[in-house]
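**Q** Shown below is the structure under consideration.
Derivation of every value follows stated rules applied to the coordinates shown; laboratory data play no part. Just so it is clear, the model here is predicted, and its values are computed rather than measured. Virtual Cβ from ideal backbone geometry, glycine too; neighbours counted across all protein chains shown.
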Amino acid sequence: MSDLPVPVTQFNLRLLQTFMLVADSLSFREAAEQTHRSQSAVSTQIKQLETQLGITLLHRTTRSVVLTPEGRELLEGTKRAMHEVNLGLRKIRESTDIKRGRVSLACSPSVAANRLPQILATFKKVHPGVHISLMEQHSADIFHMVRQGDADFGIGPLVDTVDDDICFEPILDDRIMALVPRALLASTRKTISLKELVTMPLLLHTPGSAMRRMIESAIDAQSLKFDNNYQCMQMQTLVSMAVAGMGVAVLPQSVLKGVTASSTQTLRLVEPSLTRQVCLITMRGRSLSPAAAQLAQMVRDLIDDTAKPARRRTASPAH
């Protein structure tokens with residue numbers, strides 16, 4: 001697609017917009033309804049675009065529409081370009097008044113429940129005219145929303161298996177702790193080793209989560225085995241289960257802040273010590289709008305008032 005029959009500057013944007021509608025829905029009928037045109041008119045526009053490019057973008061049959069490899073490439077490139085155009089327009093509008101704008105934020109449930117509310121409340125006091133949209137998501141969905149531009153940025157744990165188009169900026173080092181029912185361990189202490197921990201019934205996240213992978217990796221490294229009868233998606237559920245005496249909940253320190261149940265004690269996990277890094281998650285090469293940049297900076301400043309990570313990591317290597 002490097003040697004185009006027609007210069008890019010001479011493309012009719014309406015043809016690209018029509019192509020995006022057809023490619024997203026894989027339906028000429030739906031694209032025609034959205035553009036208030038006939039299906040034949042939509043088909044003619046696609047043929048015009050294919051003629052200008054000199055390539056086939058869609059395979060059509062009487063029953064289906066399928067993107068060619070070149071069609072998929074054009075769709076992805078056009079979406080990226082449209083996002084940048086929309087971002088540029090937002091910047092122009094918002095640069096005249098930083099107090100006005102919209103920010104979409106995707107955040108892991110544990111951070112959204114424990115660290116984020118006060119930050120958002122502070123931001124709204126400083127920028128009352130900025131509209132903030134918050135979406136609680138698990139890691140894979142955060143990455144998808146950031147890639148698609150549905151979220152300006154995300155907040156979540158570091159994950160080392162993500163493509164390098166996603167950037168992670170560490171903003172909080174969150175120690176891993178054990179919430180232990182006193183019925184299982186009556187002695188008063190401050191730490192517990194992993195080897196001792198696995199002798200008790202464990203309460204863990206569902207398989208596939210970042211926390212679950214971290215714990216299982218540490219257990220496997222010591223060739224240990226563990227008993228896990230209860231698997232929960234939400235960290236607060238794990239806390240409630242531990243308070244009820246159902247087992248030991250292994251959780252980040254930030255989640256356990258404020259847990260004061262007399263029936264449990266919070267112990268720091270040692271041998272090994274584990275830490276979850278919470279990060280700002282952005283798309284490589286994509287700048288933030290002024291309003292989003294202001295919120296991201298406030299998150300950096302306020303998410304941890306005790307210590308900052310020693311380094312910034314922006315390549316691949318979150319929940």
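**Q** Write down the radius of gyration of the chain and its Dmax, each obtained from C-alpha positions, in Å.
**A** According to the Cα coordinates of the chain, Rg and Dmax are 24.9, 78 Å.
**Q** Something else now. Give me the extension gain from Thr191 to Thr161: residue separation times 0.36 nm, minus the current Cα-Cα distance, reported in nm with one decimal.
**A** Working: separation 30, 0.36 × 30 = 10.80 nm, distance 3.04 nm.
So the chain would gain 7.8 nm between Thr191 and Thr161.
**Q** Keeping to pairs on different chains or 8 or more places apart, tell me how many lysine pairs in the stretch 31-146 have Cα atoms under 29 Å apart. Write out the running numbers ahead of the final one.
**A** Values: Lys47/Lys79; Lys79/Lys91; Lys79/Lys99; Lys91/Lys99; Lys91/Lys124; Lys91/Lys125; Lys99/Lys124; Lys99/Lys125.
Close lysine pairs found across the stretch 31-146: 8.
**Q** Here's another thing I want to ask about it. Applying a 10 Å radius around every beta-carbon, put 158-167, 284-293 in order of their mean neighbour count, most first. Could you put the intermediate results ahead of the total?
**A** Numbers: 158-167: 15.5, 284-293: 18.4.
Ranked from most to least packed, the peptides come out as 284-293, 158-167.
**Q** Nearest 5 percent is fine: what portion of the DSSP beta bridges confined to the chain is antiparallel? Intermediate values should be presented prior to the final figure.
**A** Numbers: 25 of 44 bridges.
Of the beta bridges lying entirely in the chain, close to 55 percent run antiparallel.
**Q** Sort 267-273, 61-67 by packing, meaning the average of other beta carbons within 10 Å per residue, with the highest value first.
**A** Values: 267-273: 15.6, 61-67: 10.3.
Sorting 267-273, 61-67 by mean packing, highest first, produces 267-273, 61-67.
**Q** Quick check on packing: order 117-127, 249-259, 203-213 by the mean number of other C-beta atoms within 10 Å, highest mean leading.
**A** Working: 117-127: 13.8, 249-259: 20.8, 203-213: 18.5.
In descending order of packing, they fall as 249-259, 203-213, 117-127.
**Q** For the stretch 8-90, what value does the Rg/Rh ratio take when both radii are computed over Cα atoms and Rh is the Kirkwood radius, given to two decimals?
**A** Numbers: Rg = 12.6 Å, Rh = 13.1 Å.
Expressed as Rg/Rh, it is 0.96.
**Q** Sequence gap at least 6, Cα distance under 8 Å: using those rules, report the relative contact order of the stretch 125-262 to the nearest whole percent. List each step's numbers first, then the result.
**A** Numbers: 132 pairs, mean separation 38.2, N = 138.
After rounding, I find 28 percent.
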